[in-house]
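Have a look at the structure below before the remarks.
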Amino acid sequence: MKIPQNKIDEIASSIDIVDIISAYTPLRKAGRNFMGRCPFHEEKTPSFSVSQEKGVYHCFGCGKSGNVFTFIMDIDSVTFYEAVKTLADKANIKIEYEYEPNDADRNKIELLYEINNKAGRDFHENLMGRNGAYAKEYLHERGLKEDIIKKFGLGYSLREKDSLYKKFNNDFSTEDLIASGLVLSIGTNLPAEASAQAGEIRDRFRGRLMFPVFNESGKVIAFGGRRMFDEVTDEAKYINSPETKIYNKSKTLYGLNFAKNKIKDTGYVILVEGYMDLISLFQNGIENVVASSGTSLTTLHCKIISRYTKEVVIVYDSDLAGQNASRRAIELIIENGMNVSIIPLPRGDDPDTYIKKHGTDGFISLLNKRQSIIDYIGESYRTRGALESPEGKTEFVREIIGLIAKMRDEIKGDFYIKDIAERFSIYESIIRKELDKTLKLKSRGLTREIDDKLISKAEKDISSKGHPQTLEISLIKMLFYGDDVTKDYIINNLDIKDLNNPASIKIIDYLIRTFSDNKKINIANLFNTFPEGLENKIIGSALLDESSVLEENRNYINDVKSLLNQINITKSYKKLYIRNN
Ligand SMILES: [Zn+2]
């Protein structure tokens, strides 16, 4: 499948990169560029820069760089073609594909989608057939109806050790099946490619009720499996697919594909812990629900949620683990600039058992009585009797202040301060003093964090003076920003064999070949050729780092001469070193 270059250019020029990225992370105008918090790594202070005119982005924290296509590829875990398709739709541009049916190099990502999709159908067929009778009965006992079982694509994995593997091995290679996480090789610690030949291959999920995990657009990307038989005691009650090229736990929210429209309609989202909780609420007409799948809530989850709503209602299990998980989730949600309230369930209940006992009306009346963070945390202190003593009261106030310090909205923080002061008869001034202290500590902690991240490994490599790689980076800059005379000088005088770093060699080689062909090149297009890896980072740092960007179309002959000189010196040192050792 090929898309003509002129179509790709047309799409790129009719799309505003700031528009696209803003849907994932808020951007603010800063000088010539836009800045925001990086959607690819967790950070508290913006280091993600987007250039609207150039159509590119660069993160000074983690080093990710690219154009609007690589952005969609990365953030949605899709192929280049899918990214082009998505953006073409947005730009209202029709594209015709040139199909290449004998494409030997079937795209790995497409393949993983295919394997997961096929497995989902297979598990579902099992559940509906004779072998799945027991699991089906279990679902009926738990009150699930046929239509909901179908909607969520529930399934059953057979108990034999390798029934899926045997069936799928006709269509897919063992390596690809291992890469999908559906089968694994045991009795060996070798990497996947090697172990495919070595250890015994068996299915990851056996004798389990299967919950397919969908991505935002409804494609199966992973599975959760609940144990159905007790004799396999060494295995956990719930297991999940491992992370793969298409499944990233920290950015997958179970149920989001079904819930997203309802979330927008109702203006809030309900956050639960388990697959069954979600399905059970859904069956009872509560459809604006998501669950973090196979992990506790992460910042990336919060970022995804905030694209749909800023109001989160947490309803976790009433046990201690659930309470602790709630506390962590509250903090994260606040840190990400959203509002949070909590539905406390009666002791011993989870959302599934509660709605079964009390029905939709019962759940909705609980929902209407949801607690603010102050009520919720205050309640937990009160039930322990901790609010009676001055020490307990202080501890409680400190905890709330810790949360207020994380709020990005000062007005909201202020409202909370007044509220605690009034309700717990504490002077506002005392609370404010405490908040100031916390904020000071926090800002000190934060500065340290940014410094560490800013000097990420790639940046260190690139910025250390005199390092051969630094010379190569400068060369890339001259080659890109220099005028024709400069470019010609480099093309005629540089021997690419004298360079060291394989990644920069690739880039320089590509630039020289493109310029020799008299072709024009822009940064955004360069990222299509180097969408990932160290090459991508080097291009980002060399051409987008504002502190060192060069003027375009200038004569840099003198700089180039001195660069080539240094490269020659390094070369002779190297020879000397090799001879003497
Ligand atoms: Zn980043």
Go through (1) exposed (fewer than 12 other Cβ atoms within 10 Å of the Cβ); (2) modelled with pLDDT of 85 or more; (3) of a type in the set (D, E, K, R) for D451 and report which single condition fails. (2)
With the condition kept exactly as written, say whether any residue in the range 512-533 is modelled with pLDDT of 75 or more, part of a helix (DSSP H, G or I), of a type in the set (A, V, I, L, M) and over 27 Å from N6 (Cβ atoms). no
Going by the conditions given, is K90 open to solvent by 60 Å² or more (accessible area, probe 1.4 Å), out of contact with any Cys (no Cβ under 9 Å at 6 or more places or on another chain) and either at negative phi or not hydroxyl-bearing (S, T, Y) (or both)? yes
Can you find a residue that is assigned to a loop (DSSP other than H, G, I, E, B) and open to solvent by less than 20 Å² (accessible area, probe 1.4 Å) anywhere in the range 128-149? yes
Filtering the range 134-153 for residues that are of a type in the set (D, E) and closer than 20 Å to R206 by Cβ leaves a count of 1
Going by what's in this entry, would N501 be described as modelled with pLDDT of 65 or more and open to solvent by 50 Å² or more (accessible area, probe 1.4 Å)? no
Is it fair to say I411 is open to solvent by less than 70 Å² (accessible area, probe 1.4 Å) and under 33 Å from the mean Cα position of the chain (by Cα)? no
Of the residues in the range 13-25, those that are within 15 Å of the ligand (Cβ to nearest atom) and part of a loop (DSSP other than H, G, I, E, B) come to Y24, T25
Pick from I17, I3: which is crowded, with 20+ Cβ neighbours inside 10 Å and either more than 16 Å from G55 (Cβ to Cβ) or among the β-branched types (V, I, T) (or both)? I17
Enumeration of residues in the range 383-408 that are open to solvent by 70 Å² or more (accessible area, probe 1.4 Å) and among the β-branched types (V, I, T): T383
Among the residues of the range 493-510, is any charged (D, E, K, R), part of a helix (DSSP H, G or I), more than 26 Å from S13 (Cα to Cα) and touching a residue at least 40 places away in the same chain (Cβ under 8 Å)? yes
Could you please find all residues in the range 328-382 being open to solvent by 60 Å² or more (accessible area, probe 1.4 Å), in contact with a strand residue (DSSP E or B) (Cβ under 8 Å, 6 or more places away or on another chain) and farther than 13 Å from S318 by Cβ? R370
Flagged in the range 264-291 as within 21 Å of the chain's Cα centre (by Cα) and open to solvent by 10 Å² or more (accessible area, probe 1.4 Å), in numbering order, are E273, G274, Y275
Note down all Cβ pairs under 6 Å where the first residue falls in the range 257-285 and is closer than 17 Å to I342 by Cβ, the second is open to solvent by 50 Å² or more (accessible area, probe 1.4 Å) and of a type outside the set (G, A, S), and they're at least six residues apart or on different chains. Y268/E311
Taking the residues in the range 133-161 that are acidic (D, E) and modelled with pLDDT of 95 or more as candidates, determine which candidate is farthest from I286 (Cα to Cα). E137
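The values are calculated or read from the model by the stated rules, or taken from the named source; none is laboratory data. Keep in mind that this is a model prediction, so the values were computed, not measured. With ideal geometry, Cβ positions are generated from the backbone for all residues, glycine too; neighbour counts draw on all protein chains shown. Note: accessible area is taken over every heavy atom of the protein model, side chains too, but ligands, DNA and RNA are not part of it. Shrake-Rupley method; radii C 1.70, N 1.55, O 1.52, S 1.80 Å.
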